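So the structure is just underneath, and the comments pick up after that.
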Amino acid sequence: MPRKAFVADLQQVQASSPHSSVTNIKKGDDDGSFTFKVSPGDGIKPIDVTAMIPELGDYPSEHECYLFITSEGAPQTISDAIEALNVRATKVNNIINATAAAICAKRGVKRQHSSDADFDADAMDIDEDEDETEDPYGEDDEGGFDDSDEEGSIGGWSSALSENEFPINDSQVAGSTDPMESEYIKEFCADLRSVKTAGFKVGVLGALPGGSGYLVISIKIAKLGISDEAMTAWRLNPDKYLVLLMHYPQGYKPLSAMTKDSYTAKKWVQVYVGTSSRYKPSLQEAITAFTKVKKFKEDQDGNIHIFKGEGGKLDVHGLSDSQPNASTTTFEGTFISRPVSELLNERLLALTMYRVSYGFGWGGAEMFYEDFQGRERTDTVEDKYYQEDMGTAQLAPAVQGDALQGESKSLMNISFPLVAFQYMLRHFVRCTEFCLVCHNKIEANFEALKPYVCNKPLCLYQYMALGFGPSMEYEILDQPSVIDLLVSFCWVSACHGKLAEFPTGLNLTVPMPGSMPYSAIFDRNTQEITAELVEGEALRLNTGDWIVMTALAGSETIHCRVVDGEYWPKVRLAITSVGPQSYFQPESEAMPVSVEPRIQVSYGVYRSNFDELSDQVKRNSIIQMLDTLPSINEIREWLILNTKVGEEVSLKSWKNRISPSALLLLRWIVASNRSCIVQIDQTLEDPVDPTTAQTPPDFASGVDETKEKKVINGEERVHGMDGWIQFRFAMGAPDKEQRFVNEVRTAVQANGLQYPTLFAFHGSPLQNWHSIIREGLHFRETAHGRAYGHGVYHSLDAGVSLGYTNTYRSYNYGQQGTSQRWWSKSHLCINSAMCLNEIVNLPNQFVSKSPHLVVNNVDWIQTRYLFVQTGRTPAVSPTTVASLPAPMKPLPQDPTMPPKGIGHKVLVIPETASTVRTRSGNNQNISQTQPSPNKKSRIGSKLKGIVKLAAGSFMDPICVDDGYNSSATDSEDVEILFIDERVKGKGKEVVSKESEKKIVKKKDPNAFVPGTVDIKGIQLLAEPAYASPMATKRIQQELKTLLKIQESHDLDELGWYINQEYIENVYQWIIELHSFESNLPLANDMKKEKVNSIVMEVRFGKDFPMTPPFFRVIRPRFLPFQRRGGGHVTAGGALCMELLTNSGWSAVSSLESVLLQIKLAMSSTDPYPARLEGGANSSYSVHEAKDAFIRACNTHGWQVPPDFHSII
C-alpha cells in the first residue's frame, strides 16, 4: 500500500540518512509530513525543513510534495531554492537528498556522502522540455559565502543575499500557471455543448473555465433503465440524479491539452461519482466530495477507517450509509462510488487514448490495458481487441451512447467530459459484470444482481479485509433477519457437505485440525491458564491470540482471546463463547464436568492457515467459527449500544467477543450474497431497553420499542402462507428483469395472452440455498431425479414443493455425534425454505406441465418471494397473520392455473409482486393496453431518441423518465454554454446579438459595490517584528493569486473582495464577503439593514503556512449561537471552524479555498442560520474575537496555533 511504502521509506532514512548533512529525520505532526535538519557546515546554524505529501495514496510515483523552511531568519534565497525544487513523484530519500544538495550548493558545501553522486537523475525530476537548462544547484554555483564575512548576521544567518543569485526556472515555481488561452474557452464551450446535445444535464461550479472549479454532468436515474429489483438491491432512488463531478484545480483542460503530458494529466482533473436530488450539487458538497470523503487513516494495527467530516456522516467505500438530512445536503455517494471513481481517475485517459489510437471499443481498450500494463507493446495488434461488445443490447439508449464510436476523430473534436460520463455509465449500469477491485470483466457461469469481485485472491482480500466491500454492520442494523437467514444457509450448507466455495485468500487462521496438542491448568476464578511447557516446544501465546480449549473431564469447548500474554506461561483470557461440542477434540470417554476452580484443560491455537486445509476440514472450521459468533440480535444490540452518533459503525472493537477470523467469515457471507433479499416480516426483537439506552437517530429505523414480534408491510405480504416468514426475493443479472419482460412481451404478441404470467413454487433442501442465492436457479445438477425432463421444477401447490425441502432433517457432526437442526445462534431457526416465482404463461411449451411445471428456459423465470419456516416459537404469530386482511390490490391469476398456499388455501398475491403487470393499466385485459404505433412514435419523438415509454407500460414496464420531471437548468449553466461568443481576439469582449439576451444579467439593486467600506475604527498594523522571509514570501504569493483571480472574474460570482488600498502590510488583510444566496436569512438581513458586505480581518503569524491565519468578523455583529444564531460566527466575531486551528489546518491549503469554505460556513443553516444582530455599524473588537476563539478551541478540544498570541 502507498501509505505503508511511505512509512517504510521514512523508517529507512531514519535508520540511515541519505545525505551526510542531514540529521534528526522525524515524522511530522500532519499525515504525510516529515521534518529534518540540514547542516551546511562551516559552523552554520542547521536549517529546519518540513516536507509534506498531501495525498499519500499517490506515493511513490504520482504524488506532489511541498517543502518549507521553518528556521528563524532563513535567507530569502534559501527559501527560494527550496520552493523551486521539483521533488514531485520522488521517494523520501530523494526528497531529502535533493533538499540537502540545494541548500549545500548555496553554501558552497561539496556533497560528501558516498551515495550522493547517484542522486541527480532520480531526485531532480525536471520536465523533459527543461532538461537543457543549467542546473541551478550545481557545484560550480558561486553563491556560496561565509557568514563570518557578513555584518549584521543573526544566529548564523545573513540577510545580505540577493534573490538574483539563485536562478529559478519558472516551470518549477509552485503555483505558477499559464494564463488561460482563448482556444481553451472555445473548446470548453464546445465540449459542454456536446454533453448537452447527448441528452445529459450539465452545470458548472466555481471559477471554470479559467480558474479552479467543478464540471457537473448528470442524468435522472430513472432514465438508466435499471429494474426495480436492481434499484432495491443497489439502494437507488429513481427520482434522484446520477452525478459525475469533474474537478479542474487549474482551470479547464481539453483532451488535446491533457495528452501533451499524460503523466501530470491526473493532476488536472479528478472525478467523483454520486447522486443528488438536483441535477448538480452545491459547491460546498462538491468541495466535500473531493476532500473529506476521500481521506483515510490507519490505526496502529494497519486497519483502515473512513474519515468522518463535519456532522459525523460516514462514507464507506464510496457509500454514504447514514442518510443525510434532506434540508442540509442532497449529494451522497452510491454503493459503487469508490470503485467507479477510482477506475476513472486511474485509467480513463489511457483507455481513451487507446481507443483513439487503435480504434478499439471500450472492451478492447480495457483488455489491451490489462495485457500491456507495465510491459512493452508490440507493433501488431491482435484481433481479439476489436471484438464487438455484446453486453449493450439490453441497455437503455442513454447508456448505449459512445462519443468515440465510428470514424477516427481528432483530439480537438472529442469532448472528454462526455467520454468520461459515458464510460462511467457503462460501469455503473453494468457493475455486476466487472470486478470491484481490479475492474476487469468477471468470467462467471452465473448471473448476479449485486456487484462483486473476480476470482483473484488479492481482489477478494482487498474487498473483504481492507474495507473495499459494503458495510456489513449497516446491513445488520437495517435487516437483521436477512443476515440471520444468510448465516443459517451457510451453516446448513457446510454441515451437509454442500458448501463448495470458501473464503480463501483472506488470511483466516483456525485451530489446529484434528487435535488439541497443548495442556494447561485453567483457573476459573482468575480466567487464567498456566501452560504446561514441554521441552523443545516453541509455542508462546501473545496478547491478541485466540485459542480453543476443552476440559479433559468433559466435552465443553471454550473459545478465548488472550488479553494479557506478558507473563508467559501464565496468560489471562477473555472467555467469549461456549460451543455445543468440540470439532477438534480427540476421542475419549465422556466424564462428568469438573466443578473445581482449577482444572486440567487441553487447547489449540488459531494458527493454522485456513487456505491449506482440505475442503471437509474447511467446512468444519466454518461451522465452528459460526458457532462462536453471538446471535445477530446480540450483534445488533451491541452496535446500537456501543456506537455514538457520527462514529464509525464497526464490530472490530468487539475484539474480546468475536475473533478476527469469525468476523471476516461473517463479512464474506454477507458480501458474497449476489441476490436481493428484503425482509417483509419484522421477526427479530429489539433487545435495547428504551429506559436505559438511547437509540441513535441513524439506527432508529426498524427498532421495535414495544419488543413485540410483529408483521410489517402487510400490503406486500402474500396471503395464504400462514406461519411462514416472507422476504421479497430477486436474483440474476440487473438486465434479467428486462430479458424476462422481453420474453413476456413476445409471448403476449404471439399468443394474445390475457394473463401473461403465472406464479408457482420451487422447493429445495436448505443445504442448497446458500448456492442458489449466489448462482440463481439452474438445472446443472440432478438432485431429485429428472423423471419429467430437464429444467427447473415448480408446483402450483405449496404443499408439493414443501416435500422437496427435506423439512425437519437434522445434521450430525463431531466426534460426540451431536444432532442439530439449525445454526445454534439463529433466531429464525429455519426448517425449510421455498420461493415463489413468476413464469411466462406458456405451459404448453414447458418441458412438462403435469404433475409438475418443468421450465428449461431460465429467462422465463423471475423469482419474487422467499418463504422460510421456523422450528421454534413462531416469530410471526399465527393469530396475527390470520387477522391480516388480504392485499387491497391483488394481482389477478389465471383461473386455469391458480397457485395454492399452505393447506390448499387460495393464494392472494399483491400486485406489487409483478413488475410486468402492475404497469399494464388494466390487469384484466393486458393485451389491449399496448399503445398504438402512432402514439408510441409521438412519445418517442418527444424524447428525442429515447425509445422507451415514459411512464412505463406492459410493452416496456421498466420506467424511463421522460425528462419533464427533471430539474430546470439554472440560467448560468445555460449562459456558460455560449461564453465563447464573447471572447474573440486577445481579451476583447464581443457580444453577438443572438447571445446578448443569454449572457446579460439583470442589474440587482442590492448587488455588491466595491470600495464602499469605511475603515475608520479599524486599526491598520505596521509590518510586525516577527515577519519572516518564508512567511512573507508565501503571503505575497497568496495575495497575488487572489488579486489575479479577482481581476479576471465577476465579483458576484466570487463572493469575496480585497481592496489593495487597505493593505499596508501583507500580514494584515481586510476582506469583504458578499453576494450571499438570496434565499438565506443572512442575505435578507443584509438587505434589510442595507449592509453591503461582511467586513473581515485576516492576520498572519510568523509560522505561516505551517500555522493558520486568524480570521475574524469586524462588522456587522451576528446573532450569537445562544440566541439561535449560526454561520459558525462566535459571540466575539471569531470563526468557529476547526480548519482555522492547528488541529484542522493544512500547510498546503490555499487561501482561495479557505475563503470559499468560510463563506460556505456562513451560509450553512445547520443547526441555525446566520442572522445579523444589529445594524451596519455594529462592530466586534479584536479582544472579543481573541477570547471567543480561545473559548471555541477549548470547547471542541482544538489546538490553538502556537503563534496566535503574538499576532493579537
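The values are calculated or read from the model by the stated rules, or taken from the named source; none is laboratory data. Just so it is clear, the structure is predicted and the values come from calculations on it, not from any experiment. Cβ coordinates were reconstructed from backbone atoms using ideal geometry, including for glycine residues, and neighbour counts include every protein chain displayed.
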Legend entry - When residues of the stretch 527-583 are limited to those that are in contact with a Phe, Trp or Tyr (Cβ under 6 Å, 6 or more places away or on another chain) and modelled with pLDDT under 90, the one nearest to ILE599 (Cα to Cα): MET549
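Per-residue answers, yes or no, for (1) buried (at least 20 other Cβ atoms within 10 Å of the Cβ); (2) within 24 Å of LYS267 (Cβ to Cβ):
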{"site": "ASP31", "(1), (2)": "no, yes"}
{"site": "PHE34", "(1), (2)": "yes, yes"}
{"site": "VAL38", "(1), (2)": "yes, no"}
{"site": "VAL49", "(1), (2)": "yes, yes"}
{"site": "ILE53", "(1), (2)": "yes, yes"}
{"site": "ALA74", "(1), (2)": "yes, no"}
Legend entry - Residue check, CYS560 within 22 Å of SER621 (Cβ to Cβ) and without any contact (Cβ under 8 Å) to a residue 60 or more places away in the chain: yes
Legend entry - Considering residues of the stretch 1068-1099 that are in a loop (DSSP other than H, G, I, E, B) and in contact with a Pro (Cβ under 8 Å, 6 or more places away or on another chain) only, the residue farthest from VAL1009 (Cα to Cα): LEU1080
Inset, instruction - Check GLY799 against each of (1) surrounded by fewer than 21 Cβ atoms within 10 Å (Cβ to Cβ); (2) touching a Cys at 6+ places or on another chain (Cβ under 8 Å); (3) modelled with pLDDT of 85 or more and name the one condition it does not meet. - result: (2)
Inset, instruction - Please enumerate the residues belonging to the stretch 1147-1163 that are of a type in the set (S, T, N, Q) and either at pLDDT 90 or above or closer than 16 Å to MET1086 by Cβ (or both). - result: SER1163
Inset, instruction - Check the stretch 811-821 and report whether any residue there is surrounded by fewer than 18 Cβ atoms within 10 Å (Cβ to Cβ), over 30 Å from LEU395 (Cβ atoms), modelled with pLDDT of 85 or more and assigned by TED's automatic domain parsing to the domain that holds VAL908. - result: no
Legend entry - Selected residue [modelled with pLDDT of 90 or more, assigned to a loop (DSSP other than H, G, I, E, B) and farther than 18 Å from ILE1018 by Cβ] from ALA1192, ALA1170: ALA1170
Inset, instruction - Name, by its number, the condition in (1) surrounded by fewer than 22 Cβ atoms within 10 Å (Cβ to Cβ); (2) at pLDDT below 90; (3) touching a helix residue (DSSP H, G or I) at 6+ places or on another chain (Cβ under 7 Å) that does not hold for LYS707. - result: (3)
Inset, instruction - Can you tell me which residue within the stretch 460-476, out of those that are over 15 Å from LEU666 (Cβ atoms) and surrounded by fewer than 21 Cβ atoms within 10 Å (Cβ to Cβ), is modelled with the lowest pLDDT? - result: LEU466
Legend entry - Condition check for GLN679: modelled with pLDDT of 90 or more and surrounded by 21 or more Cβ atoms within 10 Å (Cβ to Cβ): no
Inset, instruction - State whether the residues of the stretch 215-233 include one that is among the small types (Gly, Ala, Ser), assigned to a strand (DSSP E or B), modelled with pLDDT of 85 or more and surrounded by fewer than 24 Cβ atoms within 10 Å (Cβ to Cβ). - result: no
Legend entry - Residues of the stretch 409-423 that turn out to be closer than 15 Å to TYR252 by Cβ, polar (S, T, N, Q) and assigned to a helix (DSSP H, G or I), as a count: 0
Inset, instruction - Working only within the stretch 8-29, note down all residues that are more than 30 Å from ASN345 (Cα to Cα), out of contact with any Asp or Glu (no Cβ under 9 Å at 6 or more places or on another chain) and buried (at least 17 other Cβ atoms within 10 Å of the Cβ). - result: VAL13, SER17, SER21, VAL22, ILE25
Legend entry - Unmet criterion (only one of (1) surrounded by fewer than 21 Cβ atoms within 10 Å (Cβ to Cβ); (2) within 28 Å of PRO457 (Cα to Cα); (3) within 21 Å of the chain's Cα centre (by Cα)) for ASN673: (1)
